[in-house]
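The structure appears right after this line, and notes come after that.
Rule-based calculations on the coordinates, nothing more; no lab input. Note that the structure is predicted; figures quoted are calculated from it, not measured. Cβ: placed from backbone, ideal geometry, glycine included. Neighbour counts: every protein chain shown.
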Amino acid sequence: MNTIMRRRHRYWLLLLCYVLTSLTPAQTWSDSLHGVLSGIATRYQLAGMSVAVVKHDSVVFARGYGLADIGRSIAMTDSSIYRIASISKTITALAVMKLYEQGAFGLDDDVSTALGFTLRNPAFPSQPVTYRRLLSHTSSLRDGTGYNAFLSATYANASIPALSELLVSGGASFSSDMWSATRGSASAYFAYANINFGVLGTLVERLSGKRFDVFCREQILAPLGLDASFNVHDLRNMNNVAVLYRYPGGVWTAQADDFGGVKPTPRDLSGYALGTNGLIFGPQGGLRVSARGLATIMRLLANGGTVNGVRILRDTTVARMLTTNWTYSGSNGDPYYGIFNAYACGISPTTALIQGQALIGHPGEAYGLISDMYAAANGSYGIVFLTNGSKTSYALGSYSGWYRVEEEVYTAAYQIGVLLSTTSVCDPGVPTGMRLEPNYPNPFNPTTRIRWSIEQEGRVRLSVVDLLGHEVAVLADRESGAGEYLEEWDAAGVPSGIYITRLQVSGRDGRTMSVSRTMTLVR
């Protein structure tokens, strides 16, 4: 291990020790994470949110914040069910890979064989569209001007239109910008488009002989024991469904899933021809599932297709699903603000969300919701974040293409829920002869009070450091006699975030003792 790596390793050990030694039996690392996340939910004025942290195949943290249904004052929990938007694509990809594993097709097969009509970019009629191209958004399909109207008709019309009407030249809903005019599927140019997964949902029906929602429930969701579905009527408890909100004109306004605890009238699907338009069940964004449910799916992927003794896919199939099909070179695709610099099959690797950490997962956004499911590429941990809306527009991230609230949740969950939950790094016991009380208030803005005491006189230094180890304030640096003391920190001008209060006492015997606590500054 070289000198730089040794220093970094030592820094993390010291940081872990600083925080762990601050935790009394009444204040565990999970309490600390809970306080930080509560502060984030307050600062960003979220309607509600749920966060789950997985470590070594166990859910080590799962909490809900705020409200799932504002009108009925129903609290959000870790088991509240959200319509998760584009993370749904990962579950659709699991369904597709299930059929791949059964030998229904090859990833580089022309999908037209199973689809029931010829799917071709009119500008490149000799280039077949394959399963791999659809799964990795490199098919040359686009969400053109015809897409939204067609989707609305799919969801609302009594007569459900066939997908061919949107994608084949001459179709009733066809618009030429549903396809790239300059790049065919053979170019493998990445352009994120929901329609790819509408086609894949339709292919699941064609290949399995079952409706898309039924296949996913029977083959993936029910075996995992999840109260989750692409069909709201499958859910066991409608009071558990989170309403999705925006805040126009200073009023919380429901955008989706405002069911009031009652299942909507079932849609008459007796006239639907199986395998003609899988968009009806939302394979691109319509799955409803909880943070705990997504944590189970993360564990499934991390464990090579099995979780809690239930095998959904072979490990070789999962490995193929997670293998990158496209990597951004600077000119071979649209990286979507840097969120997608690479893409596999319905899932994307990244090192941008938590700086320096290799993750694989997927984001989502719709109707005021934002959602994220990302796990370490080596399978050692994972984090799920879901929110059903904010009073303010989501601020752009400070270092990535994600929103700032996503950056803060993932950074906190990683630094506390992943790193600090390892209690074997150092002895977490508090030294005898000294005491550092929790600051009050916490979270705070901009001032907080810190009470500390020592049993014998000594040289005392009470300081505040950030999570990178930089000292940002010194509250006491003096000789002090035995007794109890109170300091106040005015953090005006200091950025919001997690900080560590560190009390060091050097006695006449030459020993130096140290104890620390975490606190949260909320702007």
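Side notes on the structure shown:
- For 56, 362, order by how many other beta-carbon atoms lie within 10 Å, fewest first: 56, 362
- Whole-Å semi-axes of the range 434-521's equivalent ellipsoid (Cα gyration tensor): 23, 13, 10
- Mean separation of Cα pairs under 8 Å and 6 or more residues apart, divided by the residue count, gives the range 434-521 a relative contact order of 33 percent.
- Relative exposure of 294, 301, 503, 396, judged by other C-beta atoms within 10 Å (fewest first): 396, 301, 503, 294
- Pairs of Cα atoms nearer than 8 Å and 6+ residues apart set the relative contact order; for the range 170-259 it is 12 percent.
- Residue order for 406, 484, fewest other beta carbons within 10 angstrom first, comes to 484, 406.
- Between 0 and 90 degrees, the angle of helix 88-101 with respect to the longest Cα principal axis of the chain falls at about 60 degrees.
- Spacing of the two label points (7 Å from each Cα toward its C-beta) at residue 331 and residue 267, in nm: 4.4
- Counting only Cβ charges, +1 for Lys and Arg and -1 for Asp and Glu, the dipole size of the range 434-521 around its Cα centre is about 180 debye.
- With R₀ set to 45 Å, the beta-carbon distance separating residue 175 from residue 252 gives a calculated FRET efficiency near 0.80.
- Nearest 10 degrees, 0 to 90: helix 291-302 Cα axis against the chain principal axis: 80
- Sequence-distant contacts, meaning Cα pairs under 8 Å at least 6 residues apart, place the relative contact order of the chain at 20 percent.
- What the Kirkwood sum gives for the chain is a hydrodynamic radius of 25.0 Å, with every pair of different alpha carbons counted.
- Trypsin sites (Lys or Arg not before Pro) within the range 490-521: DSSP coil, no more than 10 neighbouring Cβ in 10 Å: 508
- Full extension of the chain between residue 218 and residue 31 yields a length gain of 63.5 nm, computed as 0.36 nm times the residue separation minus the alpha carbon distance.
- With each label modelled as a point 7 angstrom along the Cα→C-beta vector, the residue 476-residue 453 pair spans 1.2 nm.
- Helical mean residue ellipticity (222 nm; -39500 (n - 2.57) per DSSP H run of 4+; nearest 500) of the chain: -6500 deg cm²/dmol
- Share antiparallel - DSSP beta bridges, the chain, percent rounded to 5: 95
- Lysines whose Cα lies under 24 Å from that of residue 55, excluding same-chain neighbours fewer than 8 positions away: 89
- Computed lengthening from residue 72 to residue 311, 0.36 nm per intervening residue step minus Cα-Cα distance: 82.1 nm
- Rounded to 10°, Cα long-axis angle of helix 147-156 versus longest principal axis of the chain: 80
- Full extension of the chain between residue 145 and residue 274 gives 43.9 nm of extra length, using 0.36 nm per residue less the Cα-Cα distance.
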